[in-house]
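The values are calculated or read from the model by the stated rules, or taken from the named source; none is laboratory data. These figures come from a predicted structure and were not determined experimentally. Every residue, glycine among them, receives a Cβ derived from its backbone with ideal geometry; neighbour counts consider all protein chains shown. In case anyone asks, the SASA skips ligands and DNA or RNA and just uses the protein heavy atoms, side chains included. Shrake-Rupley method; radii C 1.70, N 1.55, O 1.52, S 1.80 Å.
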Amino acid sequence: MDNWREDRIGSAIRGENPLVMARMSTSFAVMGDTQFLPGYSLALVDRAGVGVLSDLPRAERLRYVDDVERLADAVEHACREHDEAFRRVNIEILGNSDPFLHAHVWPRYDWEPAELVRKPVWLYPASRWSDPRFAFSAVHLELRKQIARNLAASG
């Protein structure tokens, strides 16, 4: 059932979001729906009604940013072990489509198309975002487990 996608935060709180890897201080670490860049993850704020970073009191903002850093570190280490072509992670807080606070952690790889490897991920063709070949699946479970292990070890 995909109705958890309609309320990603509520479903994470209720334990119904299958992409959740870990509960952190102020967020949930989740795998991205799409995995055209394997290891793509997000930090979803852990309560409804928080649309932007400035909606959080300063102390919680700092904890959220710390959660994002921990997730980025966990993704970096897992992806480096998983693929020798791993380059780095990109971290973005955009919020242009979804109305809740979330940060994107994008692993980047040397095997990406030359015209895109040094550009923002958002320049990838729209087909990459919706192509079922790139959807999170059993192929990504080991990488998901490694990211979750790295998170557990970090905090």
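General observations
- Only one of the numbered conditions (1) touching a Pro at 6+ places or on another chain (Cβ under 9 Å); (2) over 30 Å from residue 125 (Cβ atoms) is not met by residue 41, and that is (2).
- When the range 112-138 is filtered for residues that are out of contact with any Ser or Thr (no Cβ under 9 Å at 6 or more places or on another chain), surrounded by 11 or more Cβ atoms within 10 Å (Cβ to Cβ), more than 25 Å from residue 67 (Cα to Cα) and among the hydrophobic types (A, V, I, L, M, F, W, C), the ones remaining, listed by number, are 116, 117.
- Close Cβ contacts (under 8 Å, 6 or more residues apart or on different chains) running from residues in the range 3-22 that are under 13 Å from residue 43 (Cβ atoms) to residues that are aliphatic (A, V, I, L, M) and at pLDDT below 90 comprise 9/48.
- In the range 129-155, the residues that are under 19 Å from residue 89 (Cα atoms) and in a loop (DSSP other than H, G, I, E, B) reach residues that are of a type in the set (Gly, Ala, Ser) and open to solvent by less than 80 Å² (accessible area, probe 1.4 Å) with C-beta atoms within less than 8 angstrom, at least six apart or across chains, in these pairs: 136/32.
- Within the range 61-111, the set of residues being surrounded by fewer than 16 Cβ atoms within 10 Å (Cβ to Cβ) and in contact with an Asp or Glu (Cβ under 7 Å, 6 or more places away or on another chain) comprises just one member, 85.
- Matching residues, the range 9-22, being under 20 Å from residue 51 (Cα atoms) and either over 13 Å from the mean Cα position of the chain (by Cα) or open to solvent by less than 10 Å² (accessible area, probe 1.4 Å) (or both): 9, 10, 11, 12, 13, 14, 17
- Note on the range 23-60: among residues that are more than 20 Å from residue 89 (Cα to Cα), of a type in the set (Ser, Thr, Tyr) and in contact (Cβ under 8 Å) with a residue 40 or more places away in the chain, the one that is surrounded by the fewest Cβ atoms within 10 Å (Cβ to Cβ) is 25.
- Close pairs (8 angstrom Cβ cut-off, 6 or more residues apart or separate chains): on the phi > 0 side of the Ramachandran plot in the range 83-102, part of a loop (DSSP other than H, G, I, E, B) anywhere: 95/51; 95/52; 95/101
- Test: residue in the range 65-80 that is among the small types (Gly, Ala, Ser) and touching a residue at least 40 places away in the same chain (Cβ under 8 Å): yes
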